[in-house]
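To keep things clear, I will list the structure first and then write my remarks on it.
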Amino acid sequence: MFPFLFVVLLSLSWRINASALPVQEFLHCLSLRSQNSSIAKLVYTQNNSSYSSVLKSAAQNFRFTTPSTPTPLAIVTPLHAFHIQAAVYCCRKHGLQVRTRSGGHDFEGLSYTSSYKVPFAVIDLVNLRSVRVNVEKATAWVESGATVGELYDEIARKSKTLAFPAGICPTLGVGGHLSGGGYGLLFRKYGLGADNVIDARLIDVKGRILDKKSMGEDLFWAIRGGGGGSFGIVLAWKLKLVAVPATVTVFTVRKTLEQNATKLVHRWQSIAHKFPKEMYLSIAIARVNSNEDEEKMTIQASFTSMFLGSIEELIPLMEEKFPELGLVKEDCLEMSWAESNLYTFLYVLRSPSETLLNRNQKSSISKTFFKAKSDFVKQPIPEPAFEGLWSKFYEDEAKSASMLFVGFGGKMDEILETEYPYPHRAGNLYTILYTVDWEEKENINSEKFMSWMRRVYNYMAPYVSKSPREAYINYRDLDIGTNKINNSKRSYAKARVWGVKYFKNNFNRLVKVKTIVDPQNFFRHEQSIPPLLLLRKRSDLKNHLSS
């Protein structure tokens, strides 16, 4: 018995030491590389009492905060660029993978966890969040750790007629959001957030700080929509600000099935993309209690818009383009552009501007347990298909499910799909975001909610884009494919399964960039762009990607 016990204890001791050793070596390396020992105060290991709270502080999808979720060996919260440079160097030296977190909104938690069960560290950019607005030049430098809300608030403080075309959720981290594209209330007028990035500062795999000029045209192209975590760590972005009127108009009109919602949704999808560029249009679909009988459930469609103009200009436009909705002056509100983001996000009136700065704001896709998917629609969906879809919302798992339709057209039709990595441009009527969320007590049965989402997604297959069935990288979905855990000759083939859905033909150009700037695939995760490891010559690379 004693020899056996000795072997077990020895084995256990080896495992503990093996897991502890990389952390100690990593910390020692950081201290040496960061020029002083102060970085120790910015690093949280699993033995630190604050580790758990720091890890969960920016976790938006609580599916990835359970005890079974793989956690990082260390969380680094840098104050300066040289802290990040040190962390990158030390992770490479000691065999740790890197996850970079700005706002924690990655739908599959890839900015702070890993399904690969490999040793990794999180570089959390929460302390790098400055925003500097230049009103005269209509530009802004924003660090990746800032939120979209913090960016909007600073712009609004400096100017009532400048804005930036990014997302409506104020807790989005700028770094991840711009890395994947970033659409919001102004995208039909000015394009995506990534379309309006004019410079950047990036730390590459060698620890160099590169700007637009020094990183080169291809890498600068790739980081503006090619997804986060593949090419390096973007420290800051230089943005081109855009003009908006001091007052914009918003409205939300809600219609149930009993109020002709199906026909209105069907009509909307054929005209939304034809509205003037100054109009943002969306529909939120969800199950609600019927007004006629509170014990009966029905489907409600909430038609929401933001218009860059006054109520007096909007009403005749709606009467001409969409009279069936019956919009009247009393449905409309005038406010500033910054306020319109909060209205569209929260559906509440006159939120205090400080709400933009609240990094703990909760929604159906933040600070909850959820699963999400996305689609792009190129042809109007028939009415009977909608009726079949509504039936799925009466199932038990759909009590907190929703769908968001966002109309395309405008500027999005004018930008070539190869101009930036984000390819979903002309030809799309609208995009769909599917979400289902649940409570903590229900998470033990999370698979039933996940299954509901997959059933809905499968049902929609005949009515959405095909060959490939397109998806949005910022609505990350591991169901559509994942990379191999280790570098191998099959990495490209595995990645291409999901890659063409997010990027279409731009995927090959992204692979080319990756092969050149990070050939050993240091910056990698479950859906990162892979290099072509076995093709060493650039001529081979060119021939492979063009075949």
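Out of the range 118-154, which residues are more than 17 Å from Gln361 (Cβ to Cβ), in a loop (DSSP other than H, G, I, E, B) and open to solvent by less than 20 Å² (accessible area, probe 1.4 Å)? Scanning the range 118-154 gives Leu125, Leu128, Ser144. Among the candidates Glu278, Glu294, which residue alone is without any contact (Cβ under 8 Å) to a residue 24 or more places away in the chain and among the charged types (D, E, K, R)? When all the criteria are applied, what remains is Glu294. Taking the criterion of being in contact (Cβ under 8 Å) with a residue 60 or more places away in the chain and of a type in the set (S, T, N, Q), the residues of the range 33-84 that qualify are Ser57, Gln60, Asn61, Thr66.
Counting the residues of the range 357-385 that are within 16 Å of Asn458 (Cβ to Cβ) and over 20 Å from the mean Cα position of the chain (by Cα) gives 2. Taking the range 426-449 as the range and being in a strand (DSSP E or B) and either under 24 Å from Leu281 (Cβ atoms) or open to solvent by 10 Å² or more (accessible area, probe 1.4 Å) (or both) as the test, the residues that pass are Tyr430, Thr431, Ile432, Leu433, Tyr434, Thr435, Val436, Asp437.
If you go through the range 465-481, how many residues are assigned to a loop (DSSP other than H, G, I, E, B) and either in the same structural domain as His105 (by the TED database) or in contact (Cβ under 8 Å) with a residue 24 or more places away in the chain (or both)?
So the answer is 9.
Looking at Val265, Val234, just one residue is touching a helix residue (DSSP H, G or I) at 6+ places or on another chain (Cβ under 7 Å) and over 27 Å from Ala86 (Cβ atoms), and that residue is Val265.
Within the range 32-44, the residues that satisfy the criterion of being on the phi < 0 side of the Ramachandran plot and surrounded by fewer than 17 Cβ atoms within 10 Å (Cβ to Cβ) are Leu32, Asn36, Ser37, Ser38, Ala40, Lys41.
Restricting attention to the range 383-413, the residues that are open to solvent by 20 Å² or more (accessible area, probe 1.4 Å), more than 22 Å from Leu346 (Cβ to Cβ), in contact with a Lys or Arg (Cβ under 8 Å, 6 or more places away or on another chain) and in a loop (DSSP other than H, G, I, E, B) total 1.
The values are calculated or read from the model by the stated rules, or taken from the named source; none is laboratory data. As the structure is a computational prediction, the values presented were derived from the model and not from experiment. Using ideal geometry, Cβ is built from the backbone for each residue, glycine included, and neighbour counts are taken over all protein chains shown. With ligands, DNA and RNA removed, areas are computed over all heavy atoms of the protein, side chains included. Shrake-Rupley method; radii C 1.70, N 1.55, O 1.52, S 1.80 Å.
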